[in-house]
Amino acid sequence: MPSSAAASSTAASATATLAPLARRALVPDTRHRGCTTGHNLVPTCGVLWGVAPGAHTESRGASALTRFERKTGRHQAIYHAYHGGTRQLFPTEQEIRIAHEPGKRRILFLNWKPESASWAKIAKGDRRTDAFLDRLAKHIKHNFPEQFFFAVHHEGENDVRERAGSGYTARDYAAMYRHVIKRLRAKGADNVVSVLVHMAYVPHAQKSWFNSMYPGDDVVDWIGLDTYAYSDPGYGHGQFSEVFNRRLEGKRAWPGFYNWASTRHPDKPLMLAEWGVWSSKRNPKYKADFYRRLGSEIREFPRIKAMVQFETPSNQKGQDSSVDSTPAALHAYRRLGRLPIFQVAVTPRR
């Protein structure tokens with residue numbers, strides 16, 4: 001998430017890529033009947049619908065997922081969870097049960113942040129990290145043969161230190177990411193569907209090093225964007241196009257993340273790997289209104305093939321992204337999730 005200082009300086013020059021969209025009635029759309037997951041989990045039509053439930057709480061996991069599905073009134077096609085370090089192997093037993101729940105098959109989206117060495121050292125074959133990757137590959141091969149989404153150090157641009165020898169330059173990130181994916185696949189975990197997850201924060205994207213973070217088409221299957229709508233005016237406030245494809249004009253122009261990804265990486269499906277609407281007591285109607293518009297506006301972005309709600313009652317700044325922060329918001333979110341475009345059946349892929 002952007003800092004308040006950077007947000008305020010950026011908001012003044014931000015403009016939407018698309019003209020305001022007319023509100024269209026959310027009528028049934030028969031074009032999305034029979035959508036399933038295909039190669040590399042890309043849906044044959046429609047948009048995968050998912051959640052990272054109970055984030056920043058002690059009740060993450062199956063219980064949080066159950067509560068979220070109960071209150072939103074629908075099954076989630078993607079379950080997003082986070083791991084770090086070199087101790088815990090994954091998918092865990094609980095995550096495997098979540099994926100295989102009878103009548104409710106789900107795609108796992110597992111995020112891993114290496115912590116034992118710098119990006120540069122990992123890229124060169126850090127012994128401790130490689131040993132963990134080898135154990136992880138063996139665990140995956142023997143316990144979970146289905147394809148699943150896998151992200152390596154999401155939002156890496158927030159940790160870039162672009163100075164020689166830091167071990168955390170943009171090129172170090174790209175090399176680290178390549179090493180991790182190639183080693184896992186070489187050791188038998190060839191079912192990982194890799195997702196390169198960007199923070200989708202314009203001030204980072206404007207840096208000269210931003211494009212150097214890309215690890216290569218052979219190790220990136222999807223491109224993910226983490227981005228949020230803010231109920232109060234400023235950076236991230238507005239309709240869907242303003243929040244998810246914000247562009248800047250002028251000397252440090254930026255085309256918008258959707259436009260950037262569609263132009264620079266035209267063969268990669270896009271995912272909103274984290275998204276949500278931060279609540280505000282000063283503007284409580286915004287969240288419900290945003291959900292109501294999104295059902296129509298998402299159709300203007302056909303490259304987006306998955307959306308994963310980041311569900312937390314309180315992030316590091318005390319902000320609430322819960323879909324039920326108001327009764328009106330929950331009603332609008334439940335209605336949004338019932339739209340045909342978000343009905344994609346999960347079929348096992350190996």
Between residue 345 and residues 5 or more places away or on another chain, the pairs with built amide H atoms under 5 Å apart involve 35, 36, 37
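Provide the percentage of antiparallel DSSP beta bridges, counting only those with both residues in the chain; round to the nearest 5.
On the way: 4 of 43 bridges.
Taking every DSSP beta bridge with both residues in the chain, the antiparallel ones total about 10 percent.
Shape of segment 112-202 from its Cα gyration tensor (a ≥ b ≥ c, root eigenvalues): rounded if a/c is under 1.5, otherwise prolate when a/b > b/c, or oblate? Display every interim value, and only then the final one.
On the way: a/c = 2.75, a/b = 1.50, b/c = 1.83.
Oblate is the answer for segment 112-202, as a/c is 1.5 or above yet b/c matches or exceeds a/b.
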Two-site label geometry, residue 100 and residue 347: point separation in nm, points 7 Å out along Cα→Cβ: 2.2 nm
What is the local net charge at residue 348, summed over the other residues whose Cβ is closer than 12 Å to its Cβ (Lys, Arg +1; Asp, Glu -1)? +3
If one builds a Gaussian network model of the chain from Cα atoms under 10 Å apart, the most fluctuating residue listed among 309, 94, 239 is 94
Which far-off residues, 5 or more places away or on another chain, put their amide H under 5 Å from the one on residue 247, with H placed in the peptide plane? 15, 17
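In the calculated pair distance distribution of segment 180-220, what percentage of Cα-Cα distances lie above 17 Å?
Numbers: 350 of 820 pairs.
Tail of P(r) above 17 Å: 43 percent of Cα pairs.
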Can you list the residues, at least 5 places off or on another chain, whose amide H is less than 5 Å from the amide H of residue 169, using H built in the peptide plane? 161
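Just so you know, all these numbers are worked out from the coordinates, no wet-lab data involved. Quick caveat: nothing in here was measured; it's all calculated off a predicted structure. Quick reminder, even Gly has a Cβ in these numbers, built from the backbone with ideal geometry, and neighbours come from all protein chains shown.
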